[in-house]
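J.: Here it is: the structure, laid out below.
The values are calculated or read from the model by the stated rules, or taken from the named source; none is laboratory data. Owing to the predicted nature of the structure, the values given are computational and were not obtained by experimental measurement. Every residue, glycine as well, gets a Cβ built from its backbone with ideal geometry; the counts of neighbours run over all protein chains shown. Protein only, heavy atoms only, side chains kept; ligands, DNA and RNA dropped before computing areas. Shrake-Rupley method; radii C 1.70, N 1.55, O 1.52, S 1.80 Å.
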Amino acid sequence: MIDSHSKPVIGITPNSTTDTLDHGTFDRHVLTRTYTGAVHAAGGISVILTPNEDDVESLLDLMDGILLSGGSDLDPRRYGDETRHPTTYGINAERDGFEFALAHMARARDLPLLGICRGIQSLNVAFGGTLFQDIDGQLASAINYRPSSGPATLAMTEPPRGDRPRRQSPARPSRPRPARGELLSPSSILLRV
């Protein structure tokens with residue numbers, strides 16, 4: 001899609017919300033401006049992708065990269081957990097299915113994918129990983145994983161050398177397992193975001 005004279009077009013998945021106002025109740029797609037601002041600052045054009053699994057291939061024809069944004073929780077049944085933790089919120093089956101379809105089709109096309117917060121969880125589960133629904137409540141050795149202030153930093157590391165990265169043993173099903181990892185190439189437009 002990108003030619004030497006055009007800006008990269010990055011599709012971003014939104015969250016959903018329902019607003020009740022004096023004049024009615026409205027289902028909305030929402031996205032914090034931080035995502036679109038980062039894409040613009042990196043020289044790209046952002047497009048908000050409203051969930052519709054039937055349109056994924058057509059949407060990907062127009063995109064140079066996909067950013068799966070943060071938001072509400074994934075449905076735990078997507079990763080084999082039939083019990084819903086009390087802190088799990090905002091499950092949206094339409095968004096889950098759309099993001100999984102985007103991830104699989106983008107990967108098949110070798111289209112750059114970036115997940116932030118919920119987006120990383122979506123990528124992990126879409127490619128076979130699992131999750132803790134509530135880190136603080138389900139992992140005794142949890143650390144403070146929420147930044148107190150300031151922007152997050154994106155860092156690129158060297159690809160692993162030698163043998164493949166070690167994976168968690170399936171003999172310990174009580175712990176989430178990561179999906180196969182992906183690395184960004186040094187020339188990836190997503191590194192500028």
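Here is a yes/no grid of residues against (1) surrounded by 13 or more Cβ atoms within 10 Å (Cβ to Cβ); (2) at pLDDT 95 or above:
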| site | (1), (2) |
| --- | --- |
| Arg77 | yes, yes |
| Thr83 | no, no |
| Thr88 | yes, no |
| Ala126 | yes, yes |
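J.: For Ile10, are the conditions met, namely being β-branched (Val, Ile, Thr) and open to solvent by 20 Å² or more (accessible area, probe 1.4 Å)?
T.: Criteria not met by Ile10.
J.: Check whether at least one residue in the range 21-32 is small (Gly, Ala, Ser), touching a residue at least 12 places away in the same chain (Cβ under 8 Å) and outside any helix (DSSP H, G or I), and report yes or no.
T.: no
J.: Check Gly44, Gly65, Gly37, Gly70 and return the single one that is small (Gly, Ala, Ser) and more than 20 Å from Ser6 (Cα to Cα).
T.: Selected residue: Gly70, the only one of Gly44, Gly65, Gly37, Gly70 that is small (Gly, Ala, Ser) and more than 20 Å from Ser6 (Cα to Cα).
J.: Hey, any hits in the range 60-75 for a residue that's within 17 Å of Asn15 (Cβ to Cβ), touching a residue at least 12 places away in the same chain (Cβ under 8 Å), polar (S, T, N, Q) and open to solvent by 30 Å² or more (accessible area, probe 1.4 Å)?
T.: There is no residue in the range 60-75 that is within 17 Å of Asn15 (Cβ to Cβ), touching a residue at least 12 places away in the same chain (Cβ under 8 Å), polar (S, T, N, Q) and open to solvent by 30 Å² or more (accessible area, probe 1.4 Å).
J.: While we're on this one: Out of Thr83, Thr17, Thr25, which single residue is farther than 21 Å from Leu123 by Cβ and in contact with a helix residue (DSSP H, G or I) (Cβ under 8 Å, 6 or more places away or on another chain)?
T.: Of the residues listed, the single one that is farther than 21 Å from Leu123 by Cβ and in contact with a helix residue (DSSP H, G or I) (Cβ under 8 Å, 6 or more places away or on another chain) is Thr83.
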